[in-house]
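The values are calculated or read from the model by the stated rules, or taken from the named source; none is laboratory data. Quick caveat, the model's predicted, so the values are computed rather than measured. Note that we place each Cβ from the backbone using ideal geometry, even for glycine, and neighbour counts take in every protein chain shown. Please note that ligands, DNA and RNA were not included when accessible areas were found on the heavy atoms of the full protein model with its side chains. Shrake-Rupley method; radii C 1.70, N 1.55, O 1.52, S 1.80 Å.
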Amino acid sequence: MQKESVCAVCDCVIKDNTFFSDLAAKHVELFKDNVATSLYKKSEVVFLEGDRCTGLYIIRYGRVKLVRSSVSGKEQIIKILEPGDLLGLEAFYHGEKYSNTAVAMEEGDLCYIERDRFFDILKKEPEISARLIGALSRELDHAYERIGNLGLLNARGKLAHLLLTLAREYGVVEDGTVRLHLNLSRLEIAELLGITQETSIRLLKSFKEEGILDIRRKELIIKSVERLSGISGAGD
């Protein structure tokens, strides 16, 4: 449902208004000379929490999940990233280590640029720095929104809000419904919301029984965006 654009560096399809969606030609050449691309298979680890932070990744195609582990070993998905998103933001504040684990959710390509080379480009081209500030500001705004919703909503409201977010970011409108072409397991949904897998299964079942959505294997079909919006807004 989001608008798409084309990455100016490698000509892949990405979300519109991302950092690499509308670079000037002179800036494109700077990145092309410094970006390396690697293929990652489904479930392959890009980097582990605690690994040395050496640079920045940009998702070319495919999706990647960021996972944070607690002291007790419990994992929670922090975010799902898609083409055009930046991965390894620790590089911007000179973090020595990655604070999350990044795992490919499906086969895809990731572009990589070393931290020192990236900052050399920023020093030479202040226009790129301004674009980066905008991209990071959007990232921070989304993080604030997610934190706020996790704190204010109960489990039912959290799931409704998550489904609405997924519909906006990954949904395809078909005959008045929204089809989510995103393979998320019940466990991954639970990890995104910070609830138990049993609770996520129960809530999805209740939404299906209420006629709000349909479940076909790993595919979700939202039949009533309006009802989800009501549940998300009220948190009932």
Q: Pull up segment 118-138, narrow it to residues that are under 25 Å from the mean Cα position of the chain (by Cα) and open to solvent by 40 Å² or more (accessible area, probe 1.4 Å), then point me to the one that is nearest to residue 97 (Cα to Cα).
A: 119
Q: Name every residue in segment 52-82 that is of a type outside the set (A, V, I, L, M, F, W, C) and modelled with pLDDT under 80, in order of residue number.
A: 70, 72, 73, 74, 75
Q. For segment 203-229, how many residues are within 29 Å of residue 103 (Cα to Cα), touching a helix residue (DSSP H, G or I) at 6+ places or on another chain (Cβ under 9 Å) and either assigned to a strand (DSSP E or B) or open to solvent by 20 Å² or more (accessible area, probe 1.4 Å) (or both)?
A. 5
Q: Scan segment 143-153 and give yes if some residue there is at pLDDT 80 or above and surrounded by 13 or more Cβ atoms within 10 Å (Cβ to Cβ), otherwise no.
A: yes
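Each row is one residue, and each column tells you yes or no for (1) closer than 23 Å to residue 142 by Cα; (2) touching a residue at least 12 places away in the same chain (Cβ under 8 Å); (3) of a type in the set (Val, Ile, Thr).
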position	(1), (2), (3)
166	yes, yes, no
192	yes, yes, no
196	no, no, yes
202	no, no, no
208	no, no, no
229	yes, yes, no
Q: Determine, yes or no, whether residue 77 is open to solvent by less than 50 Å² (accessible area, probe 1.4 Å), β-branched (Val, Ile, Thr) and over 28 Å from residue 184 (Cα atoms).
A: no
Q: Would you please name the residue that is farthest from the chain's Cα centre (by Cα), looking only at residues in segment 83-99 that are charged (D, E, K, R) and surrounded by 14 or more Cβ atoms within 10 Å (Cβ to Cβ)?
A: 90
